[in-house]
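> I'd like to ask you about the structure that follows.
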Amino acid sequence: MSLKDLFKNLDDVNSVLPELIPADELNLKELDWISWYLSAPQFSSVRVNTIAFSPDSVVDQLSEQLEKIATLFNKEPPKVFVHHLLPDCVIISPWKEANLTRRNKEVIVDKFCGLAVLRGSPVFAPGVKGMQSDVREGTEVSVFADASNRCKRGFLREFVDNSKTFVGNGVVKMDRYRLFNEKELPYGIAVEITDTESKVCGVELPENLGILQNLPSIVCGHVLGVNAEDNLTVLDMCAAPGNKATHLATLMKNKGLIIALDKTKKKTHKINKLCAQLGIQNIRTFAFDSRKSIDRFREGVNLSDGPPYTPECFDRVLLDAPCSGLGQRPVFDFDLTQKEIESFPLVQKHLFSVAVQHVRVGGFLVYSTCSITHAENEGLVKWALEKFPQIRLVPAEPIIGKSRTVESGLSEEESKMIQKFGPPSDCTPDTDTIGFFIAKFKKVESVQHP
């Protein structure tokens, strides 16, 4: 689905998305929506591995790195600081200026690589699709994303196509023969980016220092309310690639136990790899479908043996549910159809029904998505409160995102307890983010089974 397909009616976006987006958000003009989707969040956020590093030391290290870059290119260095409410989150401001004059030579990258560049990444070799024949290592180039996937790999002339999208300028670090050598797959940085169209500031992080993580995702970890003192048992039901699970482990200082589930070994391998990188020791991963992770009749369950589990084994449950991803930005287009978008709430409700069973009485369940659609977010909360009298909605604190209005289908009191990140946004770390939703529930009594 293209952006034009999503916003077909130029005069009234209300007639296009009535079922997808809450009514109080539809006062945005179509241009505002498209501008929001096409633009990258300008602030970068680093979730610090506080088991090994202090946030202040990370601020110093990144500031020194960026000052060297700023001196090299005669720029003012961006500000780096600890977030005012999230003590393990370091914010990197965007560059104040960027030299976006088009260079005489160009490099064409695939759309995923182009989106990564807009978020501050260099161009890695596998993402390169085309490079002019006379471009050499050290050549200054403009980088364009092949948004419509029309450029053939190995293309050696200027790529003339209306869909190619400028993402930034840089310096080539890898010649053509290395990039398009059929005998071996290329790896490493192909183009070092000097200026991006988004002005987002890219940094190099030592492996164990922490990870680049979207701010709302970091907020989500804090909302679950874990600590190192209570020897908590935690379940992350859809855990890959492990960003949130390892955050919880860090907040718990490697104490207690976290069970991280995802459907395939390939996904759990990613979690294990990130655990090794960050020195995480209290996570156990299992390749398992969370929809089947409850067995009311299983006896003698040891959590470390793996699922399925008997009900009410966990103090905390995180359900970062599979979703449409309609909060991700920047985007060039949407790969989902309307029918596919509307299918996600069914999966989310199934998973939520299982999640409620996993939580102990007195424990907490956090539900999150990286979507901005009503049915996946406020609609699910309303459904959950009606379906499960055993749970109560509680404030998703610290509340950094927006609260919802009564037009979301929730009461005014309930609307103040949830938080949502999305358009419109001004240029602050708390508002210029991806789209995201967080709700928190407390279980007050057991689920009764027939």
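> Residues of the range 239-275 being in contact with a Pro (Cβ under 7 Å, 6 or more places away or on another chain), closer than 20 Å to Arg316 by Cβ and open to solvent by 10 Å² or more (accessible area, probe 1.4 Å), which ones?
Leu274, the sole residue that qualifies.
> Another question, then. On the given criteria, is Ala384 open to solvent by less than 10 Å² (accessible area, probe 1.4 Å), closer than 16 Å to Leu319 by Cβ, more than 23 Å from the chain's Cα centre (by Cα) and among the hydrophobic types (A, V, I, L, M, F, W, C)?
Against the criterion (open to solvent by less than 10 Å² (accessible area, probe 1.4 Å), closer than 16 Å to Leu319 by Cβ, more than 23 Å from the chain's Cα centre (by Cα) and among the hydrophobic types (A, V, I, L, M, F, W, C)), Ala384 qualifies.
> I've got another one for you. Give me a count of the residues in the range 276-325 that are in contact with a Ser or Thr (Cβ under 9 Å, 6 or more places away or on another chain), open to solvent by less than 50 Å² (accessible area, probe 1.4 Å) and either outside any loop (DSSP other than H, G, I, E, B) or within 30 Å of Thr337 (Cβ to Cβ) (or both).
Total satisfying the criteria: 18.
> A further question on this structure: Would you mind listing the strands (runs of 3 or more DSSP E) fully within the range 50-142 where at least 1 residues are basic (Lys, Arg) and open to solvent by less than 30 Å² (accessible area, probe 1.4 Å)?
Correct list: 128-131.
> Which is touching a helix residue (DSSP H, G or I) at 6+ places or on another chain (Cβ under 6 Å), of a type outside the set (D, E, K, R) and open to solvent by less than 50 Å² (accessible area, probe 1.4 Å), of Ile434, Ile438, Ile418?
Ile438
> Check Leu346, Leu380 and return the single one that is modelled with pLDDT of 95 or more, touching a helix residue (DSSP H, G or I) at 6+ places or on another chain (Cβ under 7 Å) and not in a loop (DSSP other than H, G, I, E, B).
Leu380
> Within the range 53-90, restricting attention to residues that are in contact (Cβ under 8 Å) with a residue 40 or more places away in the chain and touching a helix residue (DSSP H, G or I) at 6+ places or on another chain (Cβ under 8 Å), which residue is nearest to Gly168 (Cα to Cα)? Please lay out each step first, then the result.
Start the filter on the range 53-90 by keeping residues that are in contact (Cβ under 8 Å) with a residue 40 or more places away in the chain, which leaves 53, 58, 61-62, 65-66, 73, 78, 83, 85-86, 88-90.
When the remaining residues are screened for being touching a helix residue (DSSP H, G or I) at 6+ places or on another chain (Cβ under 8 Å), the result is 78, 83, 86, 88-90.
Working: Pro78: 18, His83: 28, Leu86: 31, Asp88: 30, Cys89: 27, Val90: 25 Å.
Only one residue tops the list, namely Pro78.
> Tell me whether the range 52-64 contains one or more residues that are of a type in the set (Val, Ile, Thr), touching a His at 6+ places or on another chain (Cβ under 9 Å) and modelled with pLDDT of 95 or more. Spell out how you get there, then give the answer.
Here is the first cut: in the range 52-64, the ones of a type in the set (Val, Ile, Thr) are 58-59.
Add one more test, that the residue is touching a His at 6+ places or on another chain (Cβ under 9 Å), and what stays is none.
Checking the range 52-64: not a single residue is of a type in the set (Val, Ile, Thr), touching a His at 6+ places or on another chain (Cβ under 9 Å) and modelled with pLDDT of 95 or more.
> Right, here's the next one. Name the helices (runs of 4 or more DSSP H) wholly within the range 144-257 that hold at least 1 residues that are under 22 Å from Leu100 (Cβ atoms) and more than 21 Å from the chain's Cα centre (by Cα)?
Numbers: elements: 176-179, 215-224, 243-251.
Per the criteria, no element qualifies.
> Moving to a separate point now. Would you confirm, using the coordinates I've provided, whether Pro389 is out of contact with any Ser or Thr (no Cβ under 8 Å at 6 or more places or on another chain), more than 22 Å from Leu85 (Cα to Cα) and surrounded by fewer than 17 Cβ atoms within 10 Å (Cβ to Cβ)?
yes
> Of the residues Leu205, Leu185, which is farther than 21 Å from Leu66 by Cα and modelled with pLDDT under 95?
The match here is Leu185.
The values are calculated or read from the model by the stated rules, or taken from the named source; none is laboratory data. Owing to the predicted nature of the structure, the values given are computational and were not obtained by experimental measurement. Backbone-built Cβ (ideal geometry, glycine too); neighbour counts: all protein chains shown. Ligands, DNA and RNA are stripped out before the accessible areas are found, and what is left, the full protein with its side chains, is counted by its heavy atoms. Shrake-Rupley method; radii C 1.70, N 1.55, O 1.52, S 1.80 Å.
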